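The values are calculated or read from the model by the stated rules, or taken from the named source; none is laboratory data. Predicted model only: the values in this text are computed from it and were never measured. Cβ atoms come from the backbone with ideal geometry, glycine included; neighbour counts cover every protein chain shown. The protein model used for the area step is the full one, side chains on, heavy atoms only, and it has no ligands, DNA or RNA in it. Shrake-Rupley method; radii C 1.70, N 1.55, O 1.52, S 1.80 Å.
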Amino acid sequence: MKNPAQAREGFVPFRGYRVWYRIVGERDEPGRLPLLTLHGGPGAAHDYLEPLGELAASGRRVVFYDQLGCGRSDKPHRPSMWTVGLFVEEVDAVRRALGLDRVHLLGQSWGGMLAMEYAATGPEGVESLTVASSPASMEQWVAEANRLRAELPREVQDTLLAHETAGTTQDPTYQAAVRVYYRRHVCRLDPWPDCVNRTFAQLAADPEVYHTMNGPSEFHVTGTLRDWSIVDRLDRITVPTLVTSGRYDEATPAIAETVRRGIRGSEWVLFEDSSHTAHVEEPERYRRVLGAFLSRVERGP
């Protein structure tokens, strides 16, 4: 493909609402399949995944979309809507509307949780799965987050606990303390790239989905996902699977190993200079690793 920057945007209908999408790349070259990406949050929008669009230069389309309730998609304010089942159904709706009959699937953070849920249903045409910095169990996620949190400066820990106990997690001092954790374990670049800032700005502007399903922060999980686990269903995932994570990731090596161990035949790549967003922190190496995996799957055994 000569011009990987070419892209088209539009909306997919879903449950009476509109889901925004963007496709980078004109077409898939012979032997190549498109990559469908699922962003994190929940409710964080796709922007921070934009560096993956560079994979279009290798001759495959890269498809982004903002899950219902965030970004450029419609935002119905109905907290009871926000369930894992809704977002699994949405993946199918996007695939049907865009004609993605055969596709590679990548999910990052919450998007990886969603991708595992979707892959475990055995959907036709999903040729591979990439689980990027995602847990298989929220119990393990919270346990590891608490371990990382205990390594923060004492004054930061005290600020976090005081506001969580008082229920004042919207206070600017709490948010500033949260950012200390995020700059260690979510994105270690300084300054943060524009694509990451845009995602966090959108999340802050309309956090309903995130607060409903997750809670006020990455490590204070009070939402509907707090008891979620797919550990006992990972063996239902039978497609070739790549697990990626960062050395300083809030999705710690222990979390990545749970996913790798549970999905038979999966492989795990650890990015030594990254935290939760290896595709942003080590973009060139990440794209090389991911591109090689996708090509290997396409070549077959």
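Could you go through segment 203-210 and let me know if any residue there is surrounded by fewer than 21 Cβ atoms within 10 Å (Cβ to Cβ) and touching a Ser or Thr at 6+ places or on another chain (Cβ under 7 Å).
No, because not a single residue in segment 203-210 is surrounded by fewer than 21 Cβ atoms within 10 Å (Cβ to Cβ) and touching a Ser or Thr at 6+ places or on another chain (Cβ under 7 Å).
Looking only at segment 180-201, which residues are of a type in the set (D, E, K, R) and either within 17 Å of Ser109 (Cβ to Cβ) or open to solvent by less than 50 Å² (accessible area, probe 1.4 Å) (or both)? It would help to see each step written out before you state the result.
Here is the first cut: in segment 180-201, the residues of a type in the set (D, E, K, R) are 183-184, 188, 190, 194, 198.
Within segment 180-201, Arg183, Arg184, Arg188, Arg198 meet the criteria.
Scan segment 286-297 and give yes if some residue there is within 28 Å of Arg188 (Cβ to Cβ), open to solvent by less than 50 Å² (accessible area, probe 1.4 Å) and part of a loop (DSSP other than H, G, I, E, B), otherwise no.
For segment 286-297, residues within 28 Å of Arg188 (Cβ to Cβ), open to solvent by less than 50 Å² (accessible area, probe 1.4 Å) and part of a loop (DSSP other than H, G, I, E, B): absent.
Pick from Pro240, Pro301: which is open to solvent by less than 80 Å² (accessible area, probe 1.4 Å) and of a type outside the set (Phe, Trp, Tyr)?
Numbers: Pro301 fails: open to solvent by less than 80 Å² (accessible area, probe 1.4 Å).
Criteria check complete, one pass: Pro240.
Looking only at segment 243-274, count every residue that is of a type in the set (S, T, N, Q) and farther than 15 Å from Trp110 by Cα and tell me the total. Walk me through how you get there before you give the answer.
Within segment 243-274, the first condition is being of a type in the set (S, T, N, Q), and the residues that meet it are 244-245, 252, 258, 266, 274.
Within this subset, residues satisfying the condition of being farther than 15 Å from Trp110 by Cα are 258, 266, 274.
Selection size over segment 243-274: 3.
Quick test for you: out of Glu257, Glu272, Glu267, pick the one residue that is farther than 23 Å from Ala150 by Cα, of a type in the set (Asp, Glu) and out of contact with any His (no Cβ under 7 Å at 6 or more places or on another chain).
Values: Glu257 fails: farther than 23 Å from Ala150 by Cα; Glu272 fails: farther than 23 Å from Ala150 by Cα.
Glu267 is the lone residue from the list that is farther than 23 Å from Ala150 by Cα, of a type in the set (Asp, Glu) and out of contact with any His (no Cβ under 7 Å at 6 or more places or on another chain).
Can you run down the residue pairs with Cβ atoms below 7 Å, 6 or more apart or on separate chains, where the first is in segment 279-295 and closer than 22 Å to Val196 by Cβ and at pLDDT 95 or above and the partner is acidic (Asp, Glu) and open to solvent by 30 Å² or more (accessible area, probe 1.4 Å)?
These pairs meet every condition: Glu281/Asp273; Glu282/Asp273; Arg287/Glu54.
Limited to segment 165-209, what total is found for residues that are assigned to a loop (DSSP other than H, G, I, E, B) and among the β-branched types (Val, Ile, Thr)? Outline the logic, then answer.
In the first step, residues of segment 165-209 are kept if they are assigned to a loop (DSSP other than H, G, I, E, B); the result is 167-171, 186-193, 206-207.
Remaining after also requiring among the β-branched types (Val, Ile, Thr): 168-169, 186.
Residues flagged as assigned to a loop (DSSP other than H, G, I, E, B) and among the β-branched types (Val, Ile, Thr) within segment 165-209 amount to 3.
Since Arg18 meets every condition but one in (1) among the charged types (D, E, K, R); (2) assigned to a strand (DSSP E or B); (3) within 15 Å of the chain's Cα centre (by Cα), which condition does it not meet?
Condition (3) is where Arg18 drops out.
Answer yes if at least one residue in segment 244-261 is exposed (fewer than 14 other Cβ atoms within 10 Å of the Cβ), small (Gly, Ala, Ser) and within 23 Å of Glu117 (Cβ to Cβ), and no otherwise.
Looking for residues that are exposed (fewer than 14 other Cβ atoms within 10 Å of the Cβ), small (Gly, Ala, Ser) and within 23 Å of Glu117 (Cβ to Cβ), one finds at least one in segment 244-261, hence yes.
Can you name the residue in segment 59-89 that is over 12 Å from Glu208 (Cβ atoms) and part of a helix (DSSP H, G or I) and is also most open to solvent (accessible area, probe 1.4 Å) among such residues?
To start, the set of residues in segment 59-89 that are over 12 Å from Glu208 (Cβ atoms) comprises 59-67, 71-74, 83-89.
Now restrict to residues that are part of a helix (DSSP H, G or I): 84-89.
Values: Val84: 31, Gly85: 48, Leu86: 1, Phe87: 2, Val88: 29, Glu89: 79 Å².
Within segment 59-89, the match that is most open to solvent (accessible area, probe 1.4 Å) is Glu89.
Please verify whether segment 220-231 includes one or more residues that are crowded, with 22+ Cβ neighbours inside 10 Å, hydroxyl-bearing (Ser, Thr, Tyr), modelled with pLDDT of 95 or more and farther than 24 Å from Leu161 by Cβ.
no
Given the residues Leu114, Leu105, Leu129, which is the only one that is assigned to a helix (DSSP H, G or I), at negative phi and under 13 Å from the mean Cα position of the chain (by Cα)? Let's see the steps before the verdict.
Details: Leu105 fails: assigned to a helix (DSSP H, G or I); Leu129 fails: assigned to a helix (DSSP H, G or I).
That would be Leu114, the only listed residue that is assigned to a helix (DSSP H, G or I), at negative phi and under 13 Å from the mean Cα position of the chain (by Cα).
Taking only segment 212-223 into account, find how many residues are more than 13 Å from Val142 (Cβ to Cβ) and touching a residue at least 60 places away in the same chain (Cβ under 8 Å).
Keep residues of segment 212-223 that are more than 13 Å from Val142 (Cβ to Cβ), which gives 212-213, 216.
Keeping just the survivors that are touching a residue at least 60 places away in the same chain (Cβ under 8 Å) gives 212-213.
Adding up the residues that qualify gives 2.
Which of the residues that make up segment 9-58 are open to solvent by 10 Å² or more (accessible area, probe 1.4 Å), of a type in the set (Ser, Thr, Tyr) and touching a Phe, Trp or Tyr at 6+ places or on another chain (Cβ under 7 Å)?
The one that is open to solvent by 10 Å² or more (accessible area, probe 1.4 Å), of a type in the set (Ser, Thr, Tyr) and touching a Phe, Trp or Tyr at 6+ places or on another chain (Cβ under 7 Å): Tyr21.
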